[in-house]
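What follows is one structure encoded as structure tokens, with my remarks underneath.
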Amino acid sequence: MRGIILYKSKYGAAKKYANWLAEETGFVCDALENISVGTIAEYDVIVLGGGIYASGIAGLSFLKKHIDDLQDKKIIVFCTGASPYEEKAMLEIKNHNMKGKLSNIPLFYCRGAWDMSAMTVIDRNLCKMLRKAVGKKAPSEYEVWEQALMEAGDSACDWTDKKYLAPILREIQR
């Protein structure tokens, strides 16, 4: 079984998980922007990982564009985010992203990292505005992601953990 792990990582968490998966599986690992669909077609298993930004999964547009060329491949997607795992939120991410021909592709969540100092100016300002809006709510009314946003604040936090790989590795072996 030949496999490739692709990632689209803005701040490093998806890349970290992709490299960990490559260590565990022996699969080739590369940034999505370095790969063509022709190269991917040579592999039996394709794992794509990307961060969650505004409810979208980075790199998924590539998969959507080329899904017809990859019909005979085992495809797995994982996403990373700063929030702790929550079933309801994951279902929303799945429903938002894994539509149509992507609906049967397994999707996994790996908790990522948070570092305002590493963010682009635009992302940093968007996060500050979001925190300001969330801060108007009573903490008892926060959703899980809002709680994580408020707790992280301006601190650098890294929640990456190899334990999140276990279900992905099981799916690869299935």
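Points worth noting:
- Scanning the stretch 148-160 for residues that are within 12 Å of SER83 (Cβ to Cβ) and free of Cβ contacts under 8 Å to residues at least 40 places away in the same chain turns up MET150, GLU151.
This table checks each residue for (1) in contact (Cβ under 8 Å) with a residue 12 or more places away in the chain; (2) over 27 Å from ILE76 (Cα atoms); (3) out of contact with any Phe, Trp or Tyr (no Cβ under 9 Å at 6 or more places or on another chain).
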position: GLY112; (1), (2), (3): yes, no, no
position: MET116; (1), (2), (3): yes, yes, yes
position: VAL121; (1), (2), (3): no, yes, yes
position: LYS163; (1), (2), (3): no, no, yes
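- Residues of the stretch 58-103 classified as of a type in the set (A, V, I, L, M), within 18 Å of ALA148 (Cβ to Cβ) and surrounded by 14 or more Cβ atoms within 10 Å (Cβ to Cβ), total: 4
- The selection criterion, being surrounded by 11 or more Cβ atoms within 10 Å (Cβ to Cβ), outside any loop (DSSP other than H, G, I, E, B) and either free of Cβ contacts under 8 Å to residues at least 60 places away in the same chain or touching a strand residue (DSSP E or B) at 6+ places or on another chain (Cβ under 7 Å) (or both), holds for PRO167.
- Long-range neighbours under 8 Å by Cβ, at least six apart or interchain, first residue free of Cβ contacts under 8 Å to residues at least 24 places away in the same chain and among the basic types (Lys, Arg) within the stretch 79-107, second crowded, with 16+ Cβ neighbours inside 10 Å and outside any helix (DSSP H, G or I): LYS94/LEU107
- Given (1) of a type in the set (A, V, I, L, M, F, W, C); (2) in contact with a Phe, Trp or Tyr (Cβ under 8 Å, 6 or more places away or on another chain); (3) over 22 Å from GLN173 (Cβ atoms), index of the condition ILE52 fails: (2)
- Subset of the stretch 55-99 that is assigned to a loop (DSSP other than H, G, I, E, B) and either hydrophobic (A, V, I, L, M, F, W, C) or under 14 Å from the mean Cα position of the chain (by Cα) (or both) - its residue that is nearest to ARG174 (Cα to Cα): MET98
- A single member of LYS137, LYS163, LYS94, LYS99 is in contact with a Leu (Cβ under 6 Å, 6 or more places away or on another chain), of a type in the set (Lys, Arg) and either on the phi > 0 side of the Ramachandran plot or at pLDDT 90 or above (or both), and it is LYS94.
The values are calculated or read from the model by the stated rules, or taken from the named source; none is laboratory data. Owing to the predicted nature of the structure, the values given are computational and were not obtained by experimental measurement. Cβ sites come from the backbone with ideal geometry, for glycine too, and all protein chains shown count toward neighbours.
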